[in-house]
Amino acid sequence: MAGIARDYITSARQLASIGNYCKAIDFYILAFEQNPQLKSLLEEEFSSVLVKCNEILVEEKNIKKIIANFTKAINLFPENIFFINEAGRHLFMFGFYEEAWRQFQLALTTDSGSVSAEKNLNTVKNLLIERWHFRMLNDNVRNESYRAAIHEKIKPKKTRVFDLGTGTGLLAMYATECKPLAITACDSSAVMTTLTECVLAENRLLMSVAVKNKMSTEMTASDIGTKCSLLITELFDAGLFGEHILQALDHAWENLLTDDAEIVPKKAEFFIVGAHSELLNAKYQLRQMTRNILKLHPLLHVRVFANNETYDCEDVYMYKDLKYMTKPQSVIKIDFNSLEDIKEKLYNSDTKYIVKCNALESGQINTYIGWFNLDLTENISITTDPTNEGRANAWQQAVFFDTVPMDVKKDETITLDFRLKSERLTLMPEIPCEVIRASPDALRFLNDTDYVKMIKNCIGMTCIYLGQTTDLSEVDIIDLNPFPLFGFLMLQRGIKSLVCYAKTREDEDFIITAFGTNDMKLSNVTILIGDQWSPGETLSKMKFHVIFVNLLELCGDIDMRFKEMAQNLKNSHLIPGGLFMPSSITLMGQIVNSKWLDVSNRVNDKNLGYVVSKYVNQYQVSQNFHLDYTHLEYRPLTDPVVIGICNHMTPEVLNVPVIDDGDANALLCWYEIELVNGYKTISTKRPFSFIDGTAFLANPPIPLVSGGIANILRCVDSDGSYKFLIDDENT
């Protein structure tokens, strides 16, 4: 470095050393302009200062300056993926989603192998368009039923139509087929209304539909010209009322509709049935085997943290162990054409909807499942009944999970009390009981009976191993699993101390309760809570004889924070000869064809009758999480193969023999976990696994031929995060 450029660098470093990072950046840029050769030498140094500068600007919420910094950095280093991706990440952080999309797409155009940019782009897409839009648009039963109902109700040149919550505008397009007097469509999402306008324009219908980006409850008759005589909507969730349909229709009848207007759908009815499923219930309540290990009181119930939700949404027909224990019973009926009925349901939340169910056989009811029928018109109906093969799959079923499992005898009558609170059906408690909440992560971990058994079986082996070098009463352990079961069992064996982790305050209370029930001294236990801690600051110079860290997220991804933390703990906090668990995590993969993944991720215009996919499929993601392989239907096109060792990922092309002809649309991924060297492994691809599966999606699907070779391209970022791309040997 010579002359002016050298002086600029000196000034930049001095400014950075006293924390004036933003001014330092200006001097770095001046130096690079004077001597461009310095860029390659100081790119990493400049990047570090830029990161520190932007951390300060984030606290100041100065997005304008942040983007100015990144613009300068990208101009200097146009192929630096980190700068491009970070610019997008900060735009996303401040709510500039479409601008963030463009940055992530630019990063992928610059380097298609960038894992971080692709994950960030997927995050934006998931935020802008929820995944249920895909399954709804692909539902032929729903589409054709609504189309027929709309045709039945519209009088050409007379009917004024209001499409409430238009989404992609499909129902409005069906309405145009009948030549009504006018059509107005509204949606609260700016993204959806823009998309609707694009779809309408593509199908040459933009002049036929007035699209409003507005909540219907904020609209007046002047927003639609004059009051309408027909309202069409599909504003329903699995529990029928959860999307605030009653509030929307109450406002519409008062402000947007003529006195003689009609609603499609005309009426609805919600049903409930008692059922038994170990697989389903394991998502919500602690199983008996683990209750026995923790010695919990019989009247203490451990349930998933509900976050004020009264039911969950599931495709219950996919649960092969599901047994219906009662006949379906009607819970509530609603006439959408009656403002009086709507108001009665909306404003009388204390009204009891008493349901009596008779047991079909002796056994246990551990969940209640709800679905609905929609009478679109007097002649056209659809149902979400999971036992009906002709059901509409656009909506899932409601699972009322917050119940006490009940042993029943054949013909016994069970009385259920439902209320409609905040437009959500709520099943009131049957009997008083003490309830402790736990995060889904902790509950699923403890309900994974195979993994729990494996941990128990490792206890004796661990004690023997540690006993060779020290007395058990001197052993210190850190157990960073969703619930510290290993540490719990080792405390029972008499170890000195345990450091463990609670994701939420509810998990902390659960841990304290379980340890207290077993008379364990909490003075020997340190609980780290949430994500606002780091090993270096929290654990200082502590050393451990055993370090057990779960690196996997419930959704099926690697938790990069815990992965980095585990490496730090292993390098700095494990005593010589100590035990690190799990000893290895192997990533497995299998190329498949799955119709379900297609329906959930790619719109097919043949299901619609209009060109919609061109626009909606821009929001496809490249990876699906939270896949339950117990239920997922697919056809294998290759055998399962090892596609990576989680702590030693490098970019590579893997060649996999094809065993069947077909269009490959996904690479399914799961893990093989070895807790201790030389001990058997356990797969996460099995019933009750505490880790879900993931799928890397091929877009478009890739034709494979039996006997050929499929290529799996493994892309890895510098932090070890990974993604996979599929092609065949001829691509």
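Quick note: the coordinates plus some simple rules give every number you see, no bench work behind them. Predicted model only: the values in this text are computed from it and were never measured. Counting neighbours? That spans all protein chains shown, and the Cβs are built from the backbone with ideal geometry, glycine included.
Assuming R0 = 22 Å, can you tell me the calculated FRET efficiency for the pair Lys61 and Asp559, based on Cβ-Cβ distance, to the nearest 0.05? Can you show the working numbers first?
Values: r = 28 Å, r/R0 = 1.29.
E between Lys61 and Asp559, to the nearest 0.05, is 0.20.
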Subject >> nm² value of the averaged projected area, convex hull over the Cα atoms of region 379-469 >> reply: 12.5 nm²
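Compute the relative contact order of the chain as a whole-number percentage, counting only Cα pairs closer than 8 Å that sit 6 or more residues apart in sequence.
Details: 1465 pairs, mean separation 76.4, N = 731.
Contact order relative to length: 10 percent.
With Cβ to Cβ distances under 12 Å as the rule, what net charge do the other residues near Gly239 carry (K, R +1; D, E -1)?
Values: positive: Lys421, Arg424; negative: Asp237, Glu243, Glu309, Asp312, Glu314, Glu423.
Net charge around Gly239: -4.
Name the shape class, rounded, prolate or oblate, that the alpha-carbon gyration tensor gives for region 124-275, where a ≥ b ≥ c are the square roots of its eigenvalues, rounded holds for a/c under 1.5, and otherwise prolate holds if a/b is larger than b/c and oblate otherwise. Walk me through the numbers before you get to the answer.
Numbers: a/c = 1.35, a/b = 1.14, b/c = 1.19.
Since a/c stays below 1.5, the shape of region 124-275 is classed as rounded.
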**OP:** Specify which residue in the list Phe483, Ser381, Leu181 is farthest towards the positive end of the charge dipole of the chain, using unit charges on the beta carbon of Lys, Arg (+1) and Asp, Glu (-1), about the Cα centre.
**Re:** Phe483
Original post:
From the cross-link list Lys65/Lys614; Lys295/Lys503; Lys153/Lys356; Lys52/Lys541, which pairs have alpha carbons spaced over 29 Å apart?
Top reply: Lys65/Lys614; Lys153/Lys356
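Rounded, prolate or oblate, given the Cα gyration tensor of region 1-96, with a/c below 1.5 counting as rounded? Display every interim value, and only then the final one.
Details: a/c = 2.56, a/b = 1.54, b/c = 1.66.
In terms of gyration-tensor shape, oblate.
Find the relative contact order for region 424-552 and round it to a whole percent, using C-alpha pairs within less than 8 Å whose residues are 6+ positions apart. Please report the intermediate quantities before stating the final value.
Numbers: 150 pairs, mean separation 35.1, N = 129.
Relative contact order of region 424-552: 27 percent.
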**OP:** Once you have the Cα-Cα distance between Lys227 and Cys463, take 0.36 nm times their residue separation minus that, and quote the gain in nm to one decimal.
**Re:** 77.3 nm
Subject >> Sites Glu144 and Asn647, calculated FRET efficiency, Cβ-Cβ separation with R0 56 Å, nearest 0.05 >> reply: 0.65
Subject >> Inter-site label distance for Lys595 and Gln14 at 7 Å from Cα along Cβ, in nm >> reply: 7.3 nm
**OP:** Please provide three numbers in whole Å: the alpha-carbon extents of region 596-731 along the principal axes, with the largest listed first.
**Re:** 58, 36, 33
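Could you rank the peptides 123-132, 169-178, 369-378 by their average count of other C-beta atoms within 10 Å per residue, with the highest value first? Intermediate values should be presented prior to the final figure.
Numbers: 123-132: 16.4, 169-178: 23.6, 369-378: 22.0.
Put in order of decreasing packing, that is 169-178, 369-378, 123-132.
Take the Cα pairs of region 565-607, get the Kirkwood Rh, then feed it into Stokes-Einstein at 4 °C and 1.567 mPa s and tell me D in µm²/s.
Working: Rh = 15.0 Å.
So the translational diffusion coefficient is about 87 µm²/s.
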**OP:** Run the quick spin-label model on Asn292 and Ser47: label points 7 Å from Cα toward the beta carbon, then report their separation in nm to one decimal.
**Re:** 5.4 nm
**OP:** Give, as ranges by residue number, the residues of region 398-412 whose backbone N falls under 17 Å from the point 7 Å along Cα→Cβ of Asn358.
**Re:** 408-412
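Applying a 10 Å radius around every beta-carbon, put 390-398, 532-540 in order of their mean neighbour count, most first. Let's see the in-between values first.
Values: 390-398: 20.8, 532-540: 12.7.
Result, highest mean first: 390-398, 532-540.
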Subject >> Taking all pairs of distinct alpha-carbon atoms in the chain, Kirkwood radius in angstrom >> reply: 29.2 Å
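What does the net charge come to around Lys323 if you take all other residues with beta carbon closer than 12 Å to its beta carbon, with K and R at +1 and D and E at -1?
On the way: positive: Lys320; negative: Glu278, Asp321, Glu361.
Within the 12 Å Cβ shell, the charges total -2.
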Original post:
How much length is gained if the chain between Ile575 and Val611 is pulled fully straight, taking 0.36 nm per residue apart and subtracting their Cα-Cα distance, in nm to one decimal?
Top reply: 6.6 nm
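Set the bar at 27 Å for Cα to Cα. Now go through Lys543/Lys563; Lys409/Lys453; Lys333/Lys421 and name every pair that lies beyond it. Write down the numbers at each step before the final one.
Numbers: Lys543/Lys563 19 Å; Lys409/Lys453 32 Å; Lys333/Lys421 16 Å.
Flagged as over cut-off: Lys409/Lys453.
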Subject >> Virtual spin-label span in nm between His151 and Gln567, 7 Å along Cα→Cβ >> reply: 6.1 nm
Original post:
Using a cut-off of 20 Å between alpha-carbon atoms, which aspartates and glutamates can reach Lys64, once sequence neighbours fewer than 8 places away in the same chain are excluded?
Top reply: Asp26, Glu55, Glu86, Glu98, Glu99
Original post:
If we count every other residue with Cβ under 14 angstrom of Ala566's Cβ, Lys/Arg +1 and Asp/Glu -1, where does the sum land?
Top reply: -2
Original post:
What number, rounded to the nearest 500 deg cm²/dmol, is the helix-based mean residue ellipticity at 222 nm of the chain, given -39500 (n - 2.57) per DSSP H run of at least four residues and division by all its residues?
Top reply: -10500 deg cm²/dmol
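Kirkwood-based Rg over Rh for region 422-474 (C-alpha set), two decimals?
Numbers: Rg = 20.0 Å, Rh = 15.4 Å.
Ratio of gyration radius to Kirkwood radius for region 422-474: 1.30.
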Subject >> Sites Asp335 and Arg635 - FRET efficiency at Förster radius 35 Å, r taken between beta-carbons, to 0.05 >> reply: 0.20
